[in-house]
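Below: the structure, in structure tokens.
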Amino acid sequence: MRKFLVAVFVMALPLLHMATMQAQTGAAAAPVGNPTAGKAHWAFGNTSCSNCHGLSGEGRFGPALAGRKIPYARFRAYVRNPLGRMPAYPASELDDQEIADVVAYFDSLPTAKPIVWREPLPENAPRGQQLMLGVYGCGQCHGATISTPRHGAAEVSGDFEWFKRMVYTHTTEQRVQMAELAKDPDLDPVTPGHVGPPGRNRIRMGNYSPGRLPETHLREIWDWMTTLGVHLPVLRGEIKAAAPAADGVTYTVRIVNAGLKDKGTTTEGVTVSLALPAGAKVVGTPTGPYQGVKTNPQTKIDTAVWRVPKMLAADRQTFTITLAQPAAALRGVITWDLPHVNEEDADVAFAYSATGGRGRGAEGE
């Protein structure tokens, strides 16, 4: 018996030593947090943490953090390997010093009363929407109709397997998609670009665990997204600054299907409507597939209209229109026939201001 106990003790020594060294190393290596830097990290939007935890850590869908004096080691462990609904954030997206800074920031705050913590769940919401809004909190960042992932799906004609990769290995897959789209910077895609300090190519969402967000639930969310039109076209519009013409002022209207060439979603029956200022006179014949000036039945405003039968991913269309007098502001709207999407997301607005240069837009903005 004594030999057995001695053997167990000898075998345990390396493990005890390792645990002691890890504890000592962890304690020694814990960075000193800077609350001012932590506030900047939180407010700057390097991640989307505040969407769930509140603008000042007061709590929303996620628990309150302000004033709770959560130890750095515990806070870091939860960021790296969360136990609840939260995705995991690797050091590439939130490093140890930044975590220490955020901890110091919350330690400097008093506890706060939580405010409204999530998107309201519509009455009789389908199962997928219930999971998306009420269980996993996706709506905190993506809205009630989860438009951003649908834009991402349209950029590459993504299917359910794409969706799974984007949820479970997001910090890897998002970079892959960003890199593909960045090959044509003129597309200006909805997929988020670089954020954070110089030199950091940061992804705002972490990686969800299949153990915490099962594939069966993910499928139900995807099935609900398909009822909205899972491929939400990524159309961009802009009106460039006015250019003087012999008989007036010429404006350039430009639209882009910001999907990945030969891979993104095709949009059919694209209509571009440009609201004209009261009393505006169109000079000559505008370029492009111009349909004339029509009165909008809802707003009663005269509107210049172009109609494009089809726009493949990465396609661009440019039109010009000359007005007899300069306009202080112009506003355009893009609609389409296919693919079908829910009415709430079925248009994109863009604008021009004489004082602000040009305006751009995309669905959901």
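Observations on the model:
- The mean sequence distance of close C-alpha pairs (under 8 Å, at least 6 residues apart), as a share of the length of the stretch 24-107, puts its relative contact order at 47 percent.
- Sequence-distant residues sharing a close amide H with Gly62 (under 5 Å, placed H): His53
- Between Ala328 and Ala354, full extension at 0.36 nm per residue minus the direct alpha carbon distance yields a gain of 8.9 nm.
- Positive-end extreme of charge dipole, the stretch 235-361 - chosen from Gln291, Thr266, Ala328 (charges on Cβ): Ala328
- Anchor Lys281: aspartates and glutamates whose Cα lies under 16 Å away (excluding residues fewer than 8 positions away in-chain): Asp247, Asp302
- Measuring nothing but how far apart in sequence close Cα pairs (under 8 Å, 6+ apart) lie, relative to its length, the stretch 235-361 scores a relative contact order of 36 percent.
- Tensor-based shape of the stretch 235-361 (alpha-carbon gyration tensor, a/c under 1.5 rounded, otherwise prolate or oblate): prolate
- Rounded to 0.05, the FRET efficiency of the Glu343 and Gln291 pair, given R0 = 25 Å and the Cβ-Cβ distance, is 0.65.
- Pairwise FRET efficiency - Glu161 versus Leu121, Cβ, R0 = 22 Å, nearest 0.05: 0.20
- FRET efficiency, 1/(1 + (r/R0)^6) with R0 25 Å, evaluated for Ser92 and Arg68 via beta carbons: 0.40
None of the figures in this text is laboratory data; all of them are computed from the coordinates on show. In this text, all values refer to a predicted model and were calculated from it rather than measured experimentally. Here Cβ is always computed from backbone atoms with ideal geometry, including for glycine, and neighbour counts include all displayed protein chains.
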